[in-house]
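Worksheet for the structure shown next.
The values are calculated or read from the model by the stated rules, or taken from the named source; none is laboratory data. This one's a predicted model, so the numbers in the text were calculated from it and none came from an experiment. In this analysis, Cβ positions are derived from the backbone assuming ideal geometry, glycine residues included, and neighbour counts consider all displayed protein chains. Surface accessibility is based on the protein's heavy atoms, side chains included, excluding ligands, DNA and RNA. Shrake-Rupley method; radii C 1.70, N 1.55, O 1.52, S 1.80 Å.
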Amino acid sequence: MNRARNLCWWALFIPAAIVLQAFVPGLDVLVAGLLILLQERDYKNMFWLLPLFISLQEGMGTRFFGGTVVWYAMVIVLFKLGQWLFEVKSFIFVFLLSACLAAPCYAIDWLMAPLQNLTFNIQETLDKSLVQALFLQVVWRVLSMTRQWLRTDDDAEK
């Protein structure tokens, strides 16, 4: 995929993710972008996008302060562990990773709330974790397809 198309894709993804997060409180849409970067092994772009994602999440207040760094670290660790067992583009991998990410989503909120003297609502956090897990499966598939379309257009031009 050429650099200009890639940059345009990320320039469209980030504002769309921010708008979607504004409509669904507690949802982290940018994590799908992180998963796309991991899936494509695009570490060069991850070098500048990951700090941007963390800054945006911390600024928007989607998670407790500091929880975003731990959340994204858990996403990366679970992704790397899962890719040893499954093909990264398979439905089983996406499903299991999304389901497994519900636990760290819950655990990080449980851990960070008392550290900041904030109340921890068990039901609300559980609901948020489940919505994140269900949402991630769908959005990751959709974003992967758009990335494949960009690649096939790029290959057709050669």
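Screening Met60, Met145 for residues that are loosely packed, with under 14 Cβ neighbours inside 10 Å and aliphatic (A, V, I, L, M) leaves exactly one candidate, Met145.
Can Ser98 be described as touching a helix residue (DSSP H, G or I) at 6+ places or on another chain (Cβ under 6 Å), under 19 Å from Leu143 (Cα atoms), open to solvent by less than 50 Å² (accessible area, probe 1.4 Å) and among the hydroxyl-bearing types (Ser, Thr, Tyr)? Spelling it out, Ser98 is indeed touching a helix residue (DSSP H, G or I) at 6+ places or on another chain (Cβ under 6 Å), under 19 Å from Leu143 (Cα atoms), open to solvent by less than 50 Å² (accessible area, probe 1.4 Å) and among the hydroxyl-bearing types (Ser, Thr, Tyr). Whenever a residue of region 61-81 is at pLDDT 80 or above, its partners that are open to solvent by less than 50 Å² (accessible area, probe 1.4 Å) and part of a loop (DSSP other than H, G, I, E, B), lying with C-beta atoms within less than 7 angstrom and at least six residues away or across chains, give the pairs Trp71/Arg63. Screening the candidates Leu27, Leu38 for the property of being open to solvent by less than 60 Å² (accessible area, probe 1.4 Å) and part of a loop (DSSP other than H, G, I, E, B) yields one hit, Leu27. For residues in region 123-142 being under 18 Å from Gly33 (Cα atoms) and touching a residue at least 60 places away in the same chain (Cβ under 8 Å), which is most open to solvent (accessible area, probe 1.4 Å)? Selected residue: Val131. Here Ile92 meets each of (1) touching a residue at least 60 places away in the same chain (Cβ under 8 Å); (2) within 15 Å of Gly82 (Cα to Cα) with one exception, condition (1).
Considering Phe79, Phe86, Phe120, the condition of being within 20 Å of Ala32 (Cβ to Cβ) and surrounded by fewer than 17 Cβ atoms within 10 Å (Cβ to Cβ) is satisfied by Phe86 alone.
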